[in-house]
1. Determine the order of D271, D301 by accessible area, beginning with the largest, at a probe radius of 1.4 Å.
2. So which of K245/K273; K152/K228; K259/K362 end up more than 27 Å apart by C-alpha?
3. Quick one: ranking Y34, Y417 by accessible area, 1.4 Å probe, largest first, what do you get?
4. Using alpha carbons only, how many angstrom separate the centre of segment 359-419 from the centre of segment 457-484?
5. How many percent of the accessible area of segment 387-461 is carbon or sulfur, using a 1.4 Å probe?
6. For the chain, what is the calculated [θ] at 222 nm in deg cm²/dmol (nearest 500), taking -39500 (n - 2.57) for each run of four or more DSSP H residues and dividing by its residue count?
7. Restricting to Cα pairs below 8 Å that are 6+ residues apart, what does the relative contact order work out to for segment 222-345? Please round to a whole percent.
8. Which whole-angstrom value gives the distance between the alpha carbon centres of segment 486-529 and segment 25-46?
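The values are calculated or read from the model by the stated rules, or taken from the named source; none is laboratory data. All of these numbers come straight from a predicted model, not from anything done at the bench. For accessibility, only protein heavy atoms count, side chains too; no ligands or nucleic acids. Shrake-Rupley method; radii C 1.70, N 1.55, O 1.52, S 1.80 Å.
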Amino acid sequence: MNNGALDAMFINYWAVGATFGETDMSKEFIKNGYWYDGRYENGDTKYEKLLDDVQINDLFILKSAFSQGSKEERKSVTRVKAIGIVKKKEKRHQFNVEWFNTDKITDLDTYYSSTISRVFKSEITDFIYNEYKKYISMNTPNNYINLLLKKKQIILQGAPGTGKTRLAQIIAQELTQNGGETAIIQFHPAYSYEDFVRGIIAETNENGQISYKVKNKILAEIAQKAQKNLSDSQKPIEILQEEKKEKTLFDNFKDYCIKIDIKSFNLGENDTKIYIVDSDELGFWYTGINWNNRNRMKFEDILKMYNNNINDRKQVIKMENISRLAKEHSSYFLKILQKFREFMREELENKPQKTENQNLQKIAVQNYVLIIDEINRANLPAVLGELIYALEYRGKPVNSLYEWEGSKEIVLPENLYIIGTMNTADRSVGHIDYAIRRRFAFLTISPDEQIIIHENAKIVFKKIKEIFEKHLSTEFSLDDIMIGHSYFLVQNDNELQTKLEYEIKPLLREYVKDGILTCQMHEIENINA
């Protein structure tokens, strides 16, 4: 959306019809995002000049005509069905329109009963403009998305109650509407690298023994998913077909292993007790009797050994495209490889080979979004560690503090986006240093009175804003401190009074105690709905 269109001085307002003859086209127009002059389509050029005057970012008021009243007093009434912003002019009489419905249905004067009319009446234009402002404020402006796509990480900053977290979620929904994933987490002062990126966790097995393993946390997990999608999107269909076949084989192999009770199969030598203890979609987990951790035997390592006809440890060690763990524990891997070969022989000998699905399509790149709420409440340099570098150099591996699956490397791919939210009124939070600040784009989200609907809530908002304007300490900016519109989104006076007593006034009292507001406490107490 073009934020310049928000300036009411430069907006043209048009009442456009949705009823042609007996046919109401409003549902089709709204659903498909367009409007056209049906009469012009049939050769009537009556409104040709007005159609030519319509500009991009003008506002359309979609109206539908209906009759009301008794048979003797029957009259035609036009009613607003939707409001929309003109996004593109397809033809002289046809426009792409971004429609949004209005909860407040308002009658229009019958003066606007023609197919298209320019609207000048202030009571209508003011209403439409305010509805449009609310829509813009409650939805994702394209410039936010464009900046995120370019910068890869942004921080939405502002006072409490300005809708930062909600806006972050809307942006994420917009980016992932065609697939991908969104994850959200909230930082706090005790949050650490081990909580956010990768760390060691303790597990107790069925025998009561404690083992330790390295686990990817939320950032490493979503980065890995995004990287896999990016990698898969670059593969030819033939490779995807082969990988699908391999996955099917390994799924069958896991079933086979359950049948032969592979957990009782000793991987060790010379009476060393080493067993498979679990499995997941990537491989088998194995551990020894006296081990205090467990390792994963990747299926892909076994498959690579199988495809390269590997038979001994020396051959494994010489392999270049295999994990370090497979080389170090090659004797264990070779024993499972032997089982896999037995399985494959049985598959080929006893089961007919099915034709693979030929409709497999190339994988599209999808977006992955991580929302970090209250990002400045944690010690960011400590939480991010070496990933401060990875934020700027996307796609390049960096070494983490912990090794996972035989590698310390972590990559933040190009299709991973990070949105942070920051409360600018909270002085107790951690400092964002220049190295981190340089890697994020900062967008200030300000309180917006236009979003507030309830009349008394608007009055209270203005009273509080006056206090901030008169008594705000010179150390602070109004946009950083003035409480946001979400505190005033109420349905009635009782709800407003409850918010005022239990949410708004307690926050204002804290501002006075902290020296943010220099007014007397009684000025706060005197505010009433």
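1. Largest accessible area first, the list is D271, D301.
2. Flagged as over cut-off: K245/K273; K259/K362.
3. Largest to smallest exposure gives the sequence Y34, Y417.
4. Value for the Cα centre distance between the two parts: 38 Å.
5. The C+S portion of the solvent-accessible surface of segment 387-461 is 50 percent.
6. -10500 deg cm²/dmol
7. 16 percent
8. Spelled out, the Cα-based centre of one part sits 50 Å from the other.
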